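Asks: Before we start, here is the structure in question, set down as structure tokens.
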Amino acid sequence: MIYRTLAACVADLERSGRLRRIDTPLDPRLEIAAVQRRAFAKGGPALLFTNVKGCAFPMLGNLFGTMERTRFIFRSTLRAVERTLALKADPLEALRRPWRYASLPLSLLHALPRTVKSGPALARSASLSALPQLVSWPRDGGGYITLPQVYTESLSKPGYFASNLGMYRVQMTGEHFAPDREAGLHYQIHRGVGPHHAEALEKGLPLRVAVSVGGPPALALAAMFPLPEGVPELCFAGLLAGHRIPMLRQGEGLPVPAEADFVISGTVNGRHTALEGPFGDHLGYYSLAHEFPVLTVTGVHHREGAIWPFTSVGRPPQEDTIFGAFAHELTQALVPTVFAGVREVHAVDAAGVHPLLLAVGSERYVPYAGERQPQELLTCGFALLGSTQTSLAKYLILSAREDAPELSCHNIPAFFRHMLSRTDFSRDLHFVTRTTMDTLDYTGISLNQGSKLLWAAAGPEKRRLAESCPRLGLPQAFGGLRLFAPGILLCQGPAHMLPKDEVDPAMEELAAALTGQLSQLDGVALVVVVDDAAFSAASWENFLWVAFTRSDPATDLYGAAARTTAKHWGCQAPLIMDARLKHYQAPPLEPDPDVEKRVDALAAPGGPLHGLV
């Protein structure tokens, strides 16, 4: 079924039993987000909240909350999208099986937006304060739009084909924004809106912005899709929607999706910024208040019967986990065409996506050598760190396909076992220091700045990984040793209280102590120092979240018998990672206990949410 409106999608999901209405009055401050997160955790249906306290508009949550439902929503176009992307990966496929691509011209036609003179998106006027003010976590700085479709165009090449449609959160209320006249536009580094803003600054002109909410579900997916640079998201939305996206002109303003549920129009004027945040983010911590561009609002409109879609993010997995899995499902065949030599990539959701990227690459540069070592893998790694969204990876760990053709980087325990058994820690770690990093990651030296590690291993096994916890003498402040997985030892350490960008003497003392006990550490390849060893060892999800969201490679990696030679740092096994939560990092997300109790009561037997959350 082709959905031209969000209401059509809602009606279809309800008919098929994939959506439930919730008529109980619920507060957009904390309550509705808590219900949505619980519904996602249970694999529950999409939820239409029809009685939102203090707001006239219904809110739609958990729309993409399961992979099955996401595939159902796009069931009529999914095959066409897959075939189009497969053809990009292998253009000769159309010659080998031409019958499979008979409908391709029509699919490509759908990718072309069309301009229309009228549409329902601008039917009614409103104000920012009249819109649903979603507050997901207790310390959030105000009401947020969490599924915005932010549209901008290039000033030098205006039009659809140099446009950007991105999902950048928008803060509608807060002490630093003039009520109903200003909003915060949080766009992070390496986002398509950045070059458009830079053009506007260069020309001394305001950047026109149109924020739409709702409309065909394909718009939201396209806005968050990791498309190659130069591929307009609006075109991909048409391909995914199965029809040309109608765009409505607003006089001299930007075009907006004619079937959107809401449209907020405005401008970013010069370098006008204000403190945006805090906001409970998808790494599982708050992103704190920082200066971001201010959107000066010139108009707020909505269609008749408008529905407000939203999501609530937090420590993975959440609904945005499904976005990433769906994107990977569609684009996995394209990886070798974008990154030569790379066979597979996995941005690890449990670690917050950008902090940890696993990959399988080729090592073919010197096939006649007696022993394989990382060479082509380094080319693959720097390509991954040099373009598209993979450039935001903090830890990039690469294996050689030739060593284990059956190994997948989606099998995380097997992948770590493979890498830890083969890594030469004196050779295979390559640091990039004081570079750009994900805006949401607070482990670095400042906002948007930190380090990266390219860790590539190839060749035969160099050690048999330990299967039992060794007995070690540790400095007084350390203890609680436990073997988490083969070769991975967890150690509980003292609270971290040092400033940013400083080597910790306590960690150096630990490294020295382990250097003196290498005979007892045979088979231990990685020691991770944590605040709570029991929590970190409880699951791979906990381990990955703690280890890779709380450490910066350059600052927080130590090693046994470490040394620097010709500016290359290396060590003997084990590598030591400081994954304690530093006092300058953002606090982890914790729900409001009173809100949780209210939701518990609603979910109890006989309550209106029983069986849903």
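The values are calculated or read from the model by the stated rules, or taken from the named source; none is laboratory data. Worth saying up front: this structure is predicted, and the values here are computed from it rather than measured. Methodologically, a virtual Cβ is constructed for each residue, glycine included, from the backbone with ideal geometry; neighbour enumeration extends over all protein chains shown. For the accessible areas, the whole protein counts, side chains as well, though only heavy atoms, and no ligand, DNA or RNA atoms are used. Shrake-Rupley method; radii C 1.70, N 1.55, O 1.52, S 1.80 Å.
Asks: Would you list, by chain and number, the lysines whose Cα falls below 24 Å from the Cα of Lys157, excluding same-chain residues fewer than 8 positions away?
Replies: Partners within reach: Lys117, Lys203.
Asks: Kindly identify segment 194-296 as rounded, prolate or oblate by the Cα gyration tensor criterion: order the square roots of the eigenvalues as a ≥ b ≥ c, call it rounded if a/c is under 1.5, otherwise compare a/b with b/c, prolate if a/b is larger, else oblate. Mind dumping the intermediate values first?
Replies: On the way: a/c = 1.77, a/b = 1.24, b/c = 1.43.
Because a/c hits 1.5 or more and a/b fails to exceed b/c, segment 194-296 counts as oblate.
Asks: By a straight-distance test (C-alpha under 26 Å), which lysines pair with Lys42 as possible cross-link partners, with residues fewer than eight away in the same chain excluded?
Replies: Leaving aside lysines fewer than 8 places away in the same chain, those within reach of Lys42 are Lys53, Lys597.
Asks: Another question about this same structure. Hey, what's the per residue convex hull volume over the C-alpha atoms of segment 496-583, in cubic angstrom? Let's see the in-between values first.
Replies: Details: hull volume 9.3 nm³, N = 88.
Taking only Cα atoms, segment 496-583 has a hull volume of 106 Å³ per residue.
Asks: D for segment 112-212, whole µm²/s, Stokes-Einstein with Kirkwood Rh over alpha-carbon pairs at 25 °C and 0.890 mPa s: what number?
Replies: Rounded, D is 160 µm²/s.
Asks: On to the next question. Net charge near Leu378: determine it from the other residues with C-beta under 10 Å of the C-beta of Leu378, scoring Lys and Arg +1 and Asp and Glu -1.
Replies: Combined, the nearby Lys, Arg, Asp and Glu give -3.
Asks: Right, something else. Can you grab the distance from the C-alpha centre of segment 150-183 to the C-alpha centre of segment 356-417, Å, no decimals?
Replies: About 37 Å separates the Cα centre of segment 150-183 from the one of segment 356-417.
Asks: Set the Förster radius R0 to 41 Å, insert the Cβ-Cβ distance between Ala603 and Thr388 as r into 1/(1 + (r/R0)^6), and round the FRET efficiency to 0.05.
Replies: Working from the Cβ atoms, E equals 0.50.
Asks: Between Lys500 and Leu518, with labels modelled 7 Å along Cα→Cβ, what's the label distance in nm to one decimal, could you check?
Replies: Label-label distance for Lys500 and Leu518, simple model: 3.6 nm.
Asks: Taking θ = phi - 60°, what integer Hz values does the Karplus form 6.51 cos²θ - 1.76 cosθ + 1.60 yield along segment 452-460, in sequence order, with x for Gly and Pro?
Replies: 9, 10, 9, 10, 10, 9, 8, x, x
Asks: Right, next: Within the chain, which DSSP H helices have Cα atoms that stretch 18 Å or more along the helix axis and a mean Kyte-Doolittle hydropathy of at least -0.5? Don't skip to the end; give the middle numbers.
Replies: On the way: long enough: 319-331 (19 Å, 0.15).
Passing helices, by number: 319-331.
Asks: What FRET efficiency comes out for Ala325 versus Arg79 if R0 is 30 angstrom and r is the Cβ-Cβ distance? Round to the nearest 0.05.
Replies: 0.95
Asks: Using amide H atoms built 1.01 Å from N in the peptide plane, name the residues 5+ places from Leu575, or on other chains, whose amide H lies under 5 Å from its own.
Replies: For Leu575, the qualifying residues are Leu526, Val527.
Asks: Taking K and R as +1 and D and E as -1, what net charge do the other residues with C-beta under 13 Å from the C-beta of His430 add up to? Let's see the in-between values first.
Replies: Numbers: positive: Arg427, Lys452, Lys567; negative: Asp424, Asp428.
With Lys, Arg at +1 and Asp, Glu at -1, the net is +1.
Asks: As a test of the formula, what do you get for the chain when each DSSP H run with n ≥ 4 contributes -39,500 (n - 2.57) and the sum is divided by the residue count, at 222 nm and rounded to the nearest 500 deg cm²/dmol?
Replies: Values: 18 runs with 157 residues, N = 613.
So the helix-based figure for the chain works out to -7000 deg cm²/dmol.
Asks: Report the accessible area of Asp12, computed with a 1.4 Å probe over the heavy atoms of all protein chains in place, in Å² rounded to the nearest 10.
Replies: Accessible surface of Asp12 is approximately 10 Å².
Asks: Rounded to two decimals, what is the ratio between the C-alpha radius of gyration of segment 111-151 and 2.2 N^0.38 Å?
Replies: Against the compact-globule rule of thumb, the ratio is 1.67.
Asks: Which order do you get for His302, His272 if you rank them by accessible area with a 1.4 Å probe, largest at the top?
Replies: His272, His302
Asks: Where a Cα-Cα gap under 25 Å defines reach, which lysines qualify for Lys394, not counting those fewer than 8 residues away within the same chain?
Replies: Partners within reach: Lys452, Lys500, Lys567, Lys582.
Asks: Taking a ≥ b ≥ c as the square roots of the eigenvalues of the Cα gyration tensor of segment 427-537, is the shape rounded (a/c under 1.5), prolate (a/b larger than b/c) or oblate? Please report the intermediate quantities before stating the final value.
Replies: Numbers: a/c = 1.93, a/b = 1.29, b/c = 1.49.
Verdict is oblate for segment 427-537.
Asks: Can I ask one more? Starting from the 7 Å offset along Cα-to-Cβ, what nm value, one decimal, do you get for the label separation of Asp532 and Ser16?
Replies: Roughly 3.9 nm, to one decimal.
Asks: A further question on this structure: Please give, to one decimal in nm, the separation of the simple spin-label points placed at Phe431 and Ser129, each 7 Å out from Cα toward the Cβ.
Replies: Reported label-point gap for Phe431 and Ser129 is 5.2 nm.
Asks: Among bridges DSSP assigns within the chain, what percent are antiparallel (round to 5)?
Replies: Within the chain, antiparallel bridges account for around 70 percent of the total.
Asks: When only C-alpha pairs under 8 Å and at least 6 residues apart count, what is the relative contact order of the chain, in percent?
Replies: 13 percent
Asks: Could you tell me the center-to-center distance, by alpha carbons, between segment 437-493 and segment 13-62 in angstrom?
Replies: Computed from Cα coordinates, the inter-centre distance equals 40 Å.
Asks: Please give the length that would be gained between Ala369 and Glu406 if that part of the chain were fully extended, namely 0.36 nm times their separation in residues minus their C-alpha to C-alpha distance (nm, one decimal). Spell out each step's value before the answer.
Replies: Numbers: separation 37, 0.36 × 37 = 13.32 nm, distance 2.25 nm.
Between Ala369 and Glu406, full extension yields 11.1 nm more.
Asks: Go from 0 up to the bin containing the longest alpha carbon distance in the chain, width 20 Å each, and give me the % of pairs per bin.
Replies: The percentages, shortest bin first, are 19, 50, 28, 3.
Asks: Based on the alpha-carbon set only, what is the convex hull volume of segment 248-350 divided per residue, in Å³? Don't jump to the answer; show the numbers that get you there.
Replies: On the way: hull volume 20.3 nm³, N = 103.
Cα-based convex hull of segment 248-350, divided per residue, equals 197 Å³.
Asks: Moving to a separate point now. Taking segment 371-439 as the region of interest, what is the percent of Cα-Cα pairs per 5 angstrom bin, listed from the shortest bin to the one with the maximum distance?
Replies: Bins of 5 Å from zero give 3, 13, 26, 24, 20, 11, 3, 0 percent of pairs.
Asks: Grab the alpha carbons of segment 172-214, take their convex hull, and tell me the volume per residue in Å³.
Replies: In segment 172-214, the Cα hull volume divided by residue count equals 115 Å³.
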